[in-house]
Structure formats: structure tokens, C-alpha cells
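The values are calculated or read from the model by the stated rules, or taken from the named source; none is laboratory data. This is a predicted model, so every value here is computed, not measured. Because the Cβ atoms are built from the backbone with ideal geometry, glycine has one as well, and the counts that use them run over all protein chains shown.
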Amino acid sequence: MQINTERLAGYFTELCVIESPSGKEGRVADYLRRRFTELGVDAIDTDDSMEATGSETGNIIVRLAGDQTVGEPVFFACHMDTVGPTEGGIKVVRQADRFTSGGETVLGADDKSGIAPLLELVAILKENGLRHSPMELVFTTCEEIGLRGAKAMAPDFISAPYGYALDSTSKGSIITGAPAANRIKVQVRGQAAHSGLAPEAGTNALAVAARAIDRLTLGRLDGISTANFGLISGGTAINIIPETIDIEGEVRSHSQGLLERHSREIERVFTIVADNWPHSAGRPPSVTVSIEEEFPLMRLEDDEPVLRRIAQSAGAAGFPLTFDIAGGGSDANIFCSHGRPTAIIPTGMSNVHSTQEYVDLADMARLTELLLAMVTS
């Protein structure tokens, strides 16, 4: 079945120029409701996750009843939000069949290069009267700031037994595993003092934190685990010894056991450094460490229906596929934890989370062809 590439390009461009940073997905949601209504889908539902996520809209699910004799029910998922910068308006630049931004903002291909093929998929099914399996198209909010939309979604909002997240840069590789992650929050408390008049009366919380971080191994911890500290705040003035320092980081691992071990090692090192800090006139330092699950482990087995289906469809359509694991988390981690196995399909987007982001129309068309094969054969 011929893909209408110019219509696909139109969907993509219309989506990209709608600014939708995390929490501001309302206009994209309105666009999707209008477009899918025009295409004649069976139902469009919105959940009540707004209070939990802080978004302008809830998660959206588009339902197409389909025919179970064609294939098992399946869902496809994308997120509506993008990272920044988006301020000032996104200008989509097309050179031949490559899309970029004007250079001052992101393009938004992450994840609108997944959404546009779903619109084209439904348009093809409807205009050709094609029989297809039952489908649910899931559009989440706040994915880029901690998978908030998927986390706030009731597990029974999706009824299909398994599905696919269209959200990867790994061309040709279907992602079957992704790490679990813990968010690490550390607060170090010392004693404030004037750094020029009485420095010996203070306990420098920043110095305590720096020594602990210096003693930690960060970056790649082993073959399947990483750690990083990326946020730090504290202090009141350059001439005041900082009393409180807050830092935040993460640990990721494809092993739940290693995730726990590496997280506890961070807690142990901070505690030891504080407990053994040299005596001064100031208050001895103290440390509070909070370890919270950011997202759970994702791992699919080779013989699961979700992987058999895409392998069979790709083979029949002549698409070479490989299977791989990723270092990042996505909504697929959450769906898997709800008992709905979810593989991640690449969309062709590249250089994401930067103003150099781009995507080729040929990759989005190829994705549409794969989706079509998955729901009609």
C-alpha cells in the first residue's frame, strides 16, 4: 500500500510547529483529537492524570475497533511533550526530504516523528477500507520529565495485551531492554559562618559534598550500570560558608541487584565522609540520602508475542531488524511494569535533545509501512 509521503510530511510539520514542552501539551492534544475525529476513529478518551502530572491535558488514547481475526489487539504509544528550547516558535526547515529546525529551537522529532506515522497509518486504513487488528494509539504527557504521564495512567486505560513505543533513535534496532533507575537526593548540612571573620566557626557543606563525590565512582560503573550527579544547589553568599547543599543524581542498571548495590554505595560514602569530617568549632556535618525509584526495569524475552509479531511482520515486508538494549528509560518501562510487554521501535530521529535534531521523511515513511504490515497481516 502506497504511503502518502507528502501528507505524512504535512502531519509532521503541523505537529512540530506546535510548542509542547512538558506540561504544555494541550495544543497537541487538541490537534490530535481534531485530526483523529476527522479520520473517523471509533473513540478518543482522555484520562484524569492532569492533577498528578501538572499537564494541561490528560493522556489520550485513540481506539479503533478493528477485527480480531486479522490479528491480536495491539497498542502503539508516543509522548506529546518535547524538551526545550521551544520559546519563540519552532521553524521547521525542509531540505529535500530532511527536516531540521531553524537552529534556535529543538525540532520536536522526539517524539512527533512517531506521532505523524500513526496519523498516516490511520489515514491509509480509512481511505482504503483495509481490515486491521484492533488498535489503541496512546499519547502520553510529561515523558521527558520523569515519565509522569505513563506513571499516572491507570493500568486498565490500555486494554491491548502488548504494544510498541515509537520512541528511539537506534535505526533498525528494536529495543527489548532498558535499565531501571533510582533518583538519588543528598542533603549535606554543615554550619554557616562568615568566611572572612570566623571561617573556623563554620562547617562547609559544599566541601563535605565535594569530598564524598571525589571518592565515588561515577560514569560507567560496570558493563550494565551507570551513575551521575547533575544538579547542585545551596549557599547564600560568597562570604558565607555554605550551611546546606542539595545535590541530585541517578543510578541506572540492567540488574536490579546492582542498582540497589550502587545506590547504597553512594549513601555509604556520603555517610562515612560526614562521620569522619575533621573536628571544628562548627556543627559536625550531617547527611540525609533519599533513594527513590525513577523507573523500573524493562526486559523482554525472545519468545514473547510482542517480539514475534514485529519480527514476522518485518520479515514479510522485507525490513531487516536487529534487537538491542538501551541505556535510557521510556514509557515502555512503565507499560511493561503494568504487565503489558512493550518493545521500542525507532522513528529515524537523530541528534535529539539538541537544536541540531533532524529526521528524514524516508525513515518516517518506512516506519509507517512497518506499522501497516503489523496491523493488516
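Of the listed requirements (1) outside any helix (DSSP H, G or I); (2) aliphatic (A, V, I, L, M); (3) within 16 Å of the chain's Cα centre (by Cα), residue 281 misses just one: (3). Of all residues in region 26-58, those that are among the small types (Gly, Ala, Ser), in contact with a strand residue (DSSP E or B) (Cβ under 9 Å, 6 or more places away or on another chain) and either part of a helix (DSSP H, G or I) or not assigned by TED's automatic domain parsing to the domain that holds residue 129 (or both) total 1. None of 127, 120 is among the charged types (D, E, K, R), without any contact (Cβ under 8 Å) to a residue 24 or more places away in the chain and part of a helix (DSSP H, G or I) except 127. Counting only residues that are over 27 Å from residue 148 (Cα atoms) and exposed (fewer than 15 other Cβ atoms within 10 Å of the Cβ), which one in region 264-282 is modelled with the lowest pLDDT? Residue satisfying both the conditions and the ranking: 281.
Is it true that residue 243 is under 14 Å from residue 182 (Cα atoms), at pLDDT 95 or above, among the acidic types (Asp, Glu) and surrounded by 15 or more Cβ atoms within 10 Å (Cβ to Cβ)? In short, no.
Taken over region 23-46, the criterion of being surrounded by fewer than 19 Cβ atoms within 10 Å (Cβ to Cβ) and of a type in the set (Asp, Glu) is satisfied by 30, 38, 42, 45. Pairs linking a residue in region 191-208 that is assigned by TED's automatic domain parsing to the domain that holds residue 233 to a residue that is hydroxyl-bearing (Ser, Thr, Tyr) and surrounded by fewer than 18 Cβ atoms within 10 Å (Cβ to Cβ), with Cβ atoms under 7 Å and 6 or more positions apart or on different chains, are 200/280; 203/280; 205/244.
Taken over region 35-50, the criterion of being in contact with a Phe, Trp or Tyr (Cβ under 8 Å, 6 or more places away or on another chain) and of a type in the set (D, E, K, R) is satisfied by 35, 45, 47. Considering (1) part of a loop (DSSP other than H, G, I, E, B); (2) surrounded by fewer than 24 Cβ atoms within 10 Å (Cβ to Cβ); (3) not charged (D, E, K, R), the lone condition that residue 176 does not fulfil carries the number (1). Among the strands (runs of 3 or more DSSP E) confined to region 307-377, the ones with at least 1 residues that are over 18 Å from the mean Cα position of the chain (by Cα) and in the same structural domain as residue 117 (by TED's automatic domain parsing) are located at 322-325, 358-360.
Here residue 114 does not qualify as of a type in the set (Gly, Ala, Ser) and either farther than 24 Å from residue 366 by Cβ or outside the structural domain of residue 25 (by TED's automatic domain parsing) (or both).
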